[in-house]
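Peer 1: After the structure tokens below, expect a handful of questions from me.
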Amino acid sequence: WRSRDTIFVTEDKCQDSERNSDAMYSSTLRMFDRRIYTQEGKIRCGGVGEVCTRPDRRKQGLCRKLLEHAESQTDFELLSLHTSSMSAVYRSCGFETIPLAFKNV
């Protein structure tokens, strides 16, 4: 089950005769609705994930536009991004790297 309210896409219109002007996705991202529990209480957090842009459409600002649009359409108190490497686009959108602590259980 997935909520369509939290999946954001950009589309290109194809003009070739084989596609009959169908839309092709250029870039997508999904916001996961999560809760973080702290000593002060519960925080509603949007987890940014499933970010993808077609190779021929990269470096055109689509990811930034999707992030900005998703943020304006949701009411999360905090956004989180779990990634193995912080790319420049996320940094330029205000994301910061923070240290994490893990414990084996």
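Peer 1: If we sort 50-62, 77-89, 93-105 on the protection proxy, mean other Cβ atoms within 10 Å, highest first, what's the order?
Peer 2: 50-62, 77-89, 93-105
Peer 1: Highest mean first, how do 32-38, 67-73 rank when packing is the count of other Cβ atoms within 10 Å averaged over residues? List each step's numbers first, then the result.
Peer 2: Details: 32-38: 11.1, 67-73: 14.4.
Ranking the peptides 32-38, 67-73 by packing returns 67-73, 32-38.
Peer 1: Express the accessible area of the chain per residue in Å², computed with a 1.4 Å probe while the remaining protein chains stay in the model. Can you show the working numbers first?
Peer 2: Values: 8320 Å² over 105 residues.
On a per-residue basis, the chain sits at 79 Å².
Peer 1: Between F32, L100, V48, whose Cα lies farthest towards the positive end of the dipole of the chain when Lys and Arg beta carbons carry +1 and Asp and Glu beta carbons carry -1, centred on the Cα centre?
Peer 2: Positive-most Cα among the choices belongs to L100.
Peer 1: Is it possible to state the helix-based mean residue ellipticity at 222 nm for the chain, with each DSSP H run of 4+ residues giving -39500 (n - 2.57), the sum divided by total residues, to the nearest 500 deg cm²/dmol? What is it?
Peer 2: On the way: 2 runs with 17 residues, N = 105.
Counting only the DSSP helices, I get -4500 deg cm²/dmol.
Peer 1: Now for a separate question. Below 8 Å, C-alpha to C-alpha, sequence gap of six or more: please give me the relative contact order for the chain in percent. Numbers along the way, then the final one.
Peer 2: Numbers: 136 pairs, mean separation 22.9, N = 105.
Over the chain, the number comes to 22 percent.
Peer 1: Take the solvent-accessible surface of the protein heavy atoms, probe 1.4 Å, and return the percent of it on the chain that carbon and sulfur atoms account for. List each step's numbers first, then the result.
Peer 2: Details: 4030 of 8320 Å².
The nonpolar share, carbon plus sulfur, comes to 48 percent.
Peer 1: Angle check, please: helix 62-73 long axis (alpha carbons) against the longest principal axis of the chain (alpha carbons), in degrees 0 to 90, nearest 10.
Peer 2: 60 degrees
The values are calculated or read from the model by the stated rules, or taken from the named source; none is laboratory data. All values reported here derive from a predicted model rather than from experimental measurement. Note that we place each Cβ from the backbone using ideal geometry, even for glycine, and neighbour counts take in every protein chain shown. Surface accessibility is based on the protein's heavy atoms, side chains included, excluding ligands, DNA and RNA. Shrake-Rupley method; radii C 1.70, N 1.55, O 1.52, S 1.80 Å.
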